């Protein structure tokens, strides 16, 4: 009996499409359904897709069309129902991976351009190309001021990022160039200076798309970004390791998308419609259109989004904005390597907006879990605290559900920009009138919240604190310090709901390639001194740095009880079942209860 792949390859339309020919044995391979009902490929098929089918930026729509071609071929093929269902699962997985890569690749490419440019300027790439190794603990460079040592932690963060994106290898704490043609070409040919003359192109594109005035120098900086070589979309020697052209295009793409977001145009594009662009400087709109078209986001010669473009505009602004908010670090990479972190800080105002964009659905799930917990156990609360408050999205949702007549709402944040944004939301009627704010509240110092509540006669025991991606902001954390932070909240009796992106190993990042944007996410948080952790304890990585203690372990050691039924695991990073280990989730929403409260509610199993 003819197998499915051969049925597909015998189709004339498939034969005329090289991408469809490459994808046929992948989508025709063995598939399955996860316990949650999601389809998955087998590991070998995903590795073949990752390493042989171009699928980021402009290659994405080429692969997307090939999937549609294979879908038609399958509909015409004489195959049984089980085979047809297996093909449908394979096609669905590939489409999901393509949608994911459209969003995850650009932030990493934007960062790669800047990291590699800084290293080129410091003379670090030459020794690697000559077969040498870099030891972050003992690395010196020549500067106009003489030979100077580089800061080991800063250099190690850079090099780990380059390893995670396939350009370097690491062993015994020493880093070397990967012997792979695309990787070597990047190290050989990438120029030290970026093509934007040092301007903040995110802000400039935002002004350009909003119709604001630009100086001639600013307009020239954006116009210069229109000179680039589109990446190849059909490469017989393809590998997922980014090419020089992909890095240069990704560097241009992220600011354009965020500029459109600043001008509030991405929602229209996400719906599949062309945006209403201002009349000022139309030549710059053409530059942006060419960048978006080359990236697979727009149909040729138009502002009409492709299917992957709709995904990019709908989901990209959140993760793009989180990475782009670290512009203050990326523009000072040379300074960081030579002098250390000093006064460099994240652009918190931009981060507030990006975090709200990314966390809205997460907060809905957390509030759903809280409602279920209260219904299941009879638990009631009178104080609701949103730490790392941003614009107060979690509070807005909670007030809509519970009203503000029986609950005292509190917003806490270290940064005044976040508190100011939340106060403005309250003024506009989006947050409860009775909401109080704690400015300068370091989430790593529980007393900031606890003392505030007690000073106002508010009970801490049984209060609920919801945190969206805030605990990782505890700077320079160790395992023991993180346990002490949780212990402070536990002793006060606070029930914690918190979401965190999972720390992933370099091994996982290499194997999953563009199926997560975590390489860049991990990098910017390392540069800013923040600490990511895995959700749960897993096996130690076979190479690269060991992961810190998990969020679950730290909270448990502090006395908290994890309420698994109210936790939520996000999308897993591998689109196939893992043999002998958990499939790490991109992010996890944790629900932990003070042990005394868990005992009163009868939630502890005997002997726990």
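General remarks:
- Stokes-Einstein translational diffusion, the range 4-101 - Kirkwood Rh over all Cα pairs, 1.567 mPa s, 4 °C, in µm²/s: 98
- The chain - Kirkwood radius from inverse mean 1/r over Cα pairs (Å): 25.7
- Exposure proxy for 525, 568: other Cβ atoms within 10 Å of each Cβ, ordered fewest to most, give 568, 525.
- In the range 467-608, the ratio of gyration radius to Kirkwood radius, Rg to Rh, stands at 0.98 when only Cα atoms are counted.
- On Cα atoms only, tilt of 393-402 relative to the major axis of the chain in degrees: 50
- Between helix 201-210 and the chain there is an angle of about 90 degrees, using the helix long axis and the longest principal axis of the Cα atoms.
- The range 63-154: radius of gyration over Cα atoms, expressed as a fraction of 2.2 N^0.38 Å: 1.97
- For the chain, the longest principal axis of the C-alpha atoms and the axis of helix 59-76 are separated by about 80°.
- Taking the fewest neighbouring Cβ atoms within 10 Å as the starting point, the ordered list for 151, 310 is 151, 310.
- Reciprocal mean inverse distance between Cα atoms of the range 106-339 - Kirkwood radius, Å: 18.7
- Over the chain: helical MRE at 222 nm, DSSP H runs n ≥ 4 each giving -39500 (n - 2.57), nearest 500: -15500 deg cm²/dmol
Only the coordinates and a few stated rules stand behind these numbers; no lab work does. All of these numbers come straight from a predicted model, not from anything done at the bench. Here the Cβ is made from the backbone with ideal geometry for all residues, glycine too, and neighbour counts use every protein chain on show.
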